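A quick write-up on the structure given underneath.
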Amino acid sequence: MDTYTQVVSPETQQALANCHPLVGDDWEQMSGRIPVDVEGLAEETQALQRKRAVRSARDLLRLVLAYSVCDWSLRLVGLWASVIGLAQLSDVAVRKRLLKTQRWLGRMIGAWLQQRRQQVGLQAVIVRLIDASVVSQPGSRGTDWRLHVNFDLGTFSIASVEVTDGGGGETLARQSVQAGEILVADRGHAHRRGLGHVLAASAYAVVRINGSNLPLESADGQSIDLLHWLQAEPPADQPREQAVWLTTPQGRFALRLIAQALPQAAAERARRRVRETSRKKGHTPSPLSLVAAGFLLVVTNLPAQPWATAQVLALYRVRWQVELLFKRLKGIVDLEALRTKDPVLAQVYLLGKLLGVLMLEDWHNALTGDLDDWLTDPVRPLSAWRWLQLWTDLLRHAIRGPLTLPRLLAALPRLGRYLRDAPRQRPAQGALARQWLRAFGIKAELPEVKPHAAVPA
């Protein structure tokens, strides 16, 4: 008698015989779209040295994605792999396998993004939105990890990504820059070294400043009195512009300083945030900080023709798209659901997430031509949130494979190592209660429920 017959009663067998797989096995098709040598890189990085329990690099990648994209514990990953026949691994064995994949995942992501950059190089105008986001480990409210993302506006996909620990600060110097590209970044990237890195490469930058984090000069080398300039009285709804210079480790460069007054309500909110931040740090905000909080301040080296002042400001506001990207990654792909404090395993988790995101973007880009009318409709555009929700669910289903009830029941006798807890010093109350009920012969019965008499209207 086989295992399935031992576990399932004849009546249940008959009922399950009519069941179809709940999920199609799309893993081969999905993994086949990865445009890098998965097996070769696994051999080079020694991610898969002995093909015993795990037979191939694609099976190993599936284990990584089950842990990171499906957000399963190590023990649940082992259970799932056993049920679908992928591998027989304990949670400890799964962990050992994953710890060896860090370099492999990084190489795959790097090779994939390098191919993207070569394809994008044919575009007339390349705009890259630069930002970083914080990820905290379990039980922490601080910055444990930081994801630095370069988002290509033209293809609406990630151009480059870097994972650092909490000490890895935001800087444009992290970016691989090509001449003619336009990099758009927020105040966290307004540093002389990073800006000099971009300007020396003959690229363009549009970076917001807070008034004090970037020392600007006049043509003759004198410091710009930014407070006096901002307190001038031009029309409130009109932006203003001034030519400035910036001295960086890479040289001295000419820039355009642009200021746009914020609406009164927004300016007051910004000033409250400045005061609150200063209060927490134990000092008083400077007059310049309070005045500058009421403005959108941007520096750029874009030429005035064709990039007029209003167009530069409009381009900077497009930077919000990378903020929305992080909101989608955290709200839908669960980028913040870090499961471990182990630094290597945490990087494997984050890199696995990012590889899953590249797979999702690959599907999106493959369908861009069919959805062009939706993507370019400003009135009823395609909802990036719902679109990503749909494809994330499909990705997780493809990773899981046909996890059906018959398969689960057939594998049940060998799943005790995953489903049962480790030995306890204190006995489990639920198990003791069941023993008592069985020992005393107590039969739990539901009380009889009598129908209520109808209540006259």
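Details
- Each Lys or Arg adds one and each Asp or Glu subtracts one; over the other residues with Cβ under 9 Å from the Cβ of Leu246, this totals +1.
- FRET efficiency, 1/(1 + (r/R0)^6) with R0 30 Å, evaluated for Arg339 and Arg279 via beta carbons: 0.25
- Segment 215-287 and segment 147-192: distance between their alpha carbon centers, rounded to Å: 23 Å
- Whole-percent P(r), segment 159-229, all Cα pairs, 10 Å bins from 0: 18, 45, 29, 8, 0.
- Taking every DSSP helix (H) stretch of at least 4 residues in the chain, weighting each as -39,500 (n - 2.57) and dividing the sum by the residue count yields a mean residue ellipticity at 222 nm of -13000 deg cm²/dmol.
- Label-zone membership for segment 59-93, site Arg414, 7 angstrom Cα→C-beta point, backbone N under 15 Å: 78-91
- For segment 335-431, the C-alpha radius of gyration divided by 2.2 N^0.38 Å, with N the number of residues, is 1.65.
- Normalising the Debye intensity of segment 32-106 to I(0), with uniform scatterers on Cα atoms only, and taking log10 at q = 0.21 Å⁻¹ returns -0.89.
- Dipole size of the chain about its Cα centre, with +1 on Lys/Arg Cβ and -1 on Asp/Glu Cβ: approximately 1880 debye, rounded to the nearest 20.
- Signed unit charges on C-beta, dipole axis of segment 228-301, positive-most listed residue Pro239, Pro287, Trp229: Pro287
- Once the Cα-Cα distance is subtracted from the 0.36 nm per residue extended length, the Arg424 to Ala243 segment shows a gain of 58.0 nm.
- Number of Lys pairs (Cα under 20 Å; 8 or more positions apart or on different chains) in the chain: 10
- Net length gained if the chain between Asp373 and Ala433 were fully extended (0.36 nm per residue, minus Cα distance): 15.4 nm
- Cα pair distances exceeding 16 angstrom across segment 224-286, given as percent: 64 percent
- Stokes-Einstein D for segment 254-386, Kirkwood Rh over Cα pairs, 25 °C, 0.890 mPa s (µm²/s): 128 µm²/s
- In this structure, Gln114 and Gln305 have a Cβ-Cβ separation that, at R0 = 45 Å, corresponds to a calculated FRET efficiency of about 0.85.
- Under the simplified labelling scheme, the Arg252-Gln88 pair shows an inter-label distance of 7.4 nm, with each label point 7 Å from Cα along Cα→Cβ.
- Full-stretch length increase - Ser286, Arg50 - with 0.36 nm per residue and alpha-carbon distance subtracted: 78.7 nm
- Using bins of 10 Å that start at zero, the share of Cα-Cα pairs per bin across segment 161-302 amounts to 11, 38, 34, 16, 1, in whole %.
- Solvent-accessible area assigned to carbon and sulfur over the chain amounts to 52 percent, based on a 1.4 Å probe.
- Formal net charge of residues neighbouring Thr155 (Cβ-Cβ distance under 15 Å; K, R +1; D, E -1): -2
- Shape class of segment 101-220 from the Cα gyration tensor (axes a ≥ b ≥ c, square roots of the eigenvalues): oblate, since a/c reaches 1.5 or more and a/b does not exceed b/c.
- FRET efficiency for Ala219 and Glu39, using Cβ-Cβ distance with R0 set to 56 Å, rounded to 0.05: 0.45
- Evaluated over segment 114-171, the Cα radius of gyration and Dmax, each in Å: 14.1, 47
- Ellipsoid semi-axes for the chain, based on the Cα gyration tensor and the rule √(5λ), read 53, 28, 23 Å when sorted largest first.
- Multiplying each eigenvalue of the alpha-carbon gyration tensor of segment 23-71 by 5 and taking the square root yields semi-axes of 19, 13, 11 Å, largest first, rounded to whole angstroms.
- Residues in segment 158-164 carry Karplus couplings, in order, of 6, 9, 7, 8, 9, 10, 10 Hz; the curve used is 6.51 cos²θ - 1.76 cosθ + 1.60 with θ = phi - 60°, and Gly or Pro positions show x.
- Accessible area per residue in Å² at 1.4 Å probe, computed on the chain: 55 Å²
The values are calculated or read from the model by the stated rules, or taken from the named source; none is laboratory data. What you are looking at is a predicted structure, and each value in this text was computed from that prediction instead of being measured. Using ideal geometry, Cβ is built from the backbone for each residue, glycine included, and neighbour counts are taken over all protein chains shown. Accessible surface areas use protein heavy atoms only, side chains included; no ligands, DNA or RNA. Shrake-Rupley method; radii C 1.70, N 1.55, O 1.52, S 1.80 Å.
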